[in-house]
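One structure is given below, encoded as structure tokens.
The values are calculated or read from the model by the stated rules, or taken from the named source; none is laboratory data. The structure presented is a predicted model; accordingly, all values stated were derived computationally and were not measured. Every residue, glycine as well, gets a Cβ built from its backbone with ideal geometry; the counts of neighbours run over all protein chains shown. For the accessible areas, the whole protein counts, side chains as well, though only heavy atoms, and no ligand, DNA or RNA atoms are used. Shrake-Rupley method; radii C 1.70, N 1.55, O 1.52, S 1.80 Å.
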Amino acid sequence: PGKVMDRALSKENSVHRQGTMASRAALSRSRPLMGPARYDVSPHLVKWWKGVKPDDGQVTRHLSPFEQHPVMPWFKTWPGKVMDRAPNYIIYLGGSLSLAYFTIIYCDAADKAEKKSHRY
């Protein structure tokens, strides 16, 4: 009876050990997928910052705000762009401006004629 009991216990222990080893194996395979743990950011931001490499606050390159010229390329190229596009838009711009100018001249002349006709 002692040997039978020992076999049953050893069989039960081996089943328990196999189950534990199987769960460890499952978790060990998923650990590389989770990536290295980040402790320099808040836990709820780990996913957001997972692709950023920590640099320990060392700035290696920067651009001074006084050296940035965000509008300068536009200033250098806009005269050429205006001259290239002017023939396409000059008809509309010239037509609308001349229509407005002659409308103002006509309305001023009509207003003067009306005021002259109402004199005593």
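Scan segment 47-114 for trypsin sites (Lys or Arg not before Pro) in coil per DSSP, keeping those whose Cβ has at most 16 other Cβ atoms within 10 Å, and list them by number. Could the numbers behind the result be given before it?
Numbers: sites: 47, 50, 61, 76, 81, 85, 112; in loops: 47, 50, 61.
Of the trypsin sites (Lys or Arg not before Pro), the ones in loops of segment 47-114 whose Cβ has at most 16 other Cβ atoms within 10 Å are 47, 50, 61.
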Sorting 82, 41 on solvent-accessible surface, 1.4 Å probe, most exposed first, gives 82, 41
